[in-house]
1. Being of a type outside the set (A, V, I, L, M), part of a strand (DSSP E or B) and within 17 Å of Leu173 (Cα to Cα) is the filter here, so list the residues in the stretch 80-132 that pass it.
2. Which members of the stretch 345-365 meet the condition of being under 21 Å from Trp291 (Cα atoms), touching a residue at least 40 places away in the same chain (Cβ under 8 Å) and either away from the ligand (no atom under 12 Å from the Cβ) or charged (D, E, K, R) (or both)?
3. Please enumerate the residues belonging to the stretch 143-170 that are free of Cβ contacts under 8 Å to residues at least 60 places away in the same chain and farther than 30 Å from Ala91 by Cβ.
4. Listed residues Ala301, Ala328; which is surrounded by fewer than 15 Cβ atoms within 10 Å (Cβ to Cβ) and more than 30 Å from Val237 (Cα to Cα)?
5. Run His269 past the list (1) away from the ligand (no atom under 14 Å from the Cβ); (2) open to solvent by 10 Å² or more (accessible area, probe 1.4 Å); (3) under 27 Å from Leu43 (Cα atoms); (4) in contact (Cβ under 8 Å) with a residue 12 or more places away in the chain and report the number of the one that doesn't hold.
6. Among the numbered criteria (1) buried (at least 18 other Cβ atoms within 10 Å of the Cβ); (2) within 11 Å of the ligand (Cβ to nearest atom); (3) over 30 Å from Pro212 (Cβ atoms), which single criterion is violated by Trp256?
7. Report yes if Leu346 is part of a loop (DSSP other than H, G, I, E, B), open to solvent by 50 Å² or more (accessible area, probe 1.4 Å) and in contact with a helix residue (DSSP H, G or I) (Cβ under 8 Å, 6 or more places away or on another chain), otherwise no.
Amino acid sequence: MTTPPLLAPLTLRPGVVAPNRVWLAPLTNQQSHADGTLSDDELAFLARRADGGFGLVETCAAHVAQDGKAWPGELGVHEDAMLPGLRLLAARLHEGGALASVQLFHGGLRAVSAVSGVPTWAPSAYAEPGGAAARAATEDDLARVIEQFAAAARRCEEAGFDAVELHGAHGYLLSQFLSTVYNRREDRWGGPLENRARLIRAVTRAVRSAAPSLVLAVRLSPEDFGNAKGLDLDESVEVARWLAEDGMEVLHLSLWRSSERTRKRPELHPTTLFREALGSRVKIVVAGQIWTREEGEAQLALGADAIALGRAAIANPEWPRIVHGRSALELRRPPLTEAELRAAALSDTFVRYMRNWKGFVASEELGTR
Ligand SMILES: Cc1cc2nc3c(=O)[nH]c(=O)nc-3n(C[C@H](O)[C@H](O)[C@H](O)COP(=O)(O)O)c2cc1C
């Protein structure tokens with residue numbers, strides 16, 4: 001019997017093999033302890049997906065520095081005090097059969113002082129009416145954050161993870177520097193693309209050399225979506241090419257709606273475009289509204305090596321098995337009841353957070369918030 005495409009193993013490096021091509025997308029879940037250490041709830045949520053057959057399980061956006069923290073209950077990789085929890089997590093994910101990855105994150109403008117307890121900084125001074133506000137980064141801030149990304153990667157290596165992913169998408173720090181909206185600097189960190197890409201490239205190279213045994217992924221938003229603003233498709237392709245030169249081994253395309261073509265070039269699908277630009281030397285993983293086996297296989301046919309699931313994985317902890325008829329569970333789609341989500345190893349905290357995602361949690365229970 002031939003192996004279904006999504007269940008074929010994927011070699012990321014000699015000796016680092018994902019058992020299949022269905023990965024858990026990074027999912028902020030607010031379940032960590034206030035100091036950033038791993039909680040039993042977060043461990044249970046992630047372990048359930050490793051046990052459920054996901055080939056690679058990635059953590060939520062995890063802050064590399066206290067001044068990059070954007071949510072309460074966010075996992076930390078910013079201090080050695082995080083190491084015991086990180087070690088436990090990597091070992092438990094391996095026990096389930098998955099590769100283990102950490103998403104390295106700094107919120108920049110979208111870090112929240114009220115949560116982190118320290119002031120926020122961004123490429124350029126910025127204030128949204130009634131919203132985010134930050135001072136402009138100094139040279140010291142940038143030298144420090146590059147080292148903080150590297151130190152966080154070193155911790156992940158020490159803890160036994162297989163991979164790290166730089167969060168370069170969704171309008172957080174690295175994406176803010178790429179942006180012509182958030183980055184209005186006139187020094188070597190702003191202006192032409194070479195300058196706007198300087199930070200993400202420097203971080204990529206620093207992480208590569210600090211943690212050479214880890215597979216290095218970078219997540220990008222190819223075009224504007226939500227808080228990702230000031231991005232251009234052709235620039236994103238160029239950045240991806242540069243990052244490949246700098247040591248990126250996996251490009252994670254955050255598409256939100258993976259069935260759609262690009263906005264700038266409606267004749268082109270982003271997966272195909274990036275595949276053609278990068279050749280076969282870089283693996284590509286794609287996320288965005290993948291709910292069925294057919295939708296996942298369609299991404300592989302377009303040139304992706306793997307798919308990453310967010311909401312479908314929250315609703316279906318055994319998705320890789322379910323869609324291949326190898327689970328006693330059936331495919332669930334939103335809205336899900338609180339009881340169903342608890343059965344899928346979400347704590348009350350995470351269920352509450354999921355109410356921010358319209359239509360995900362069954363509305364008849366709104367009164368119990
Ligand atoms: C609850 C929730 C939390 C998320 N947290 C993160 C995150 O920490 N880092 C990140 O890069 N993307 C995050 N995302 C985006 C997802 O990784 C994914 O790209 C997006 O949800 C689209 O995939 P989906 O349609 O399968 O959910 C989050 C999405 C959801 C629904």
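1. Answer for the stretch 80-132, where residues must be of a type outside the set (A, V, I, L, M), part of a strand (DSSP E or B) and within 17 Å of Leu173 (Cα to Cα): Gln103, Phe105, Trp121, Tyr126.
2. Correct list: Ala345 only.
3. Ala143
4. Numbers: Ala301 fails: more than 30 Å from Val237 (Cα to Cα).
Among Ala301, Ala328, only Ala328 is surrounded by fewer than 15 Cβ atoms within 10 Å (Cβ to Cβ) and more than 30 Å from Val237 (Cα to Cα).
5. So His269 meets the others, but not (3).
6. (1)
7. No.
Residue-wise test of (1) part of a helix (DSSP H, G or I); (2) of a type outside the set (Phe, Trp, Tyr); (3) under 24 Å from Phe360 (Cβ atoms).
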position	(1), (2), (3)
Thr271	yes, yes, no
Ser280	no, yes, no
Glu294	yes, yes, yes
Ile307	no, yes, yes
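The values are calculated or read from the model by the stated rules, or taken from the named source; none is laboratory data. Source: prediction; values computed, not measured. Cβ coordinates were reconstructed from backbone atoms using ideal geometry, including for glycine residues, and neighbour counts include every protein chain displayed. Surface areas here come from the heavy atoms of the whole protein model, side chains and all, with no ligands, DNA or RNA. Shrake-Rupley method; radii C 1.70, N 1.55, O 1.52, S 1.80 Å.
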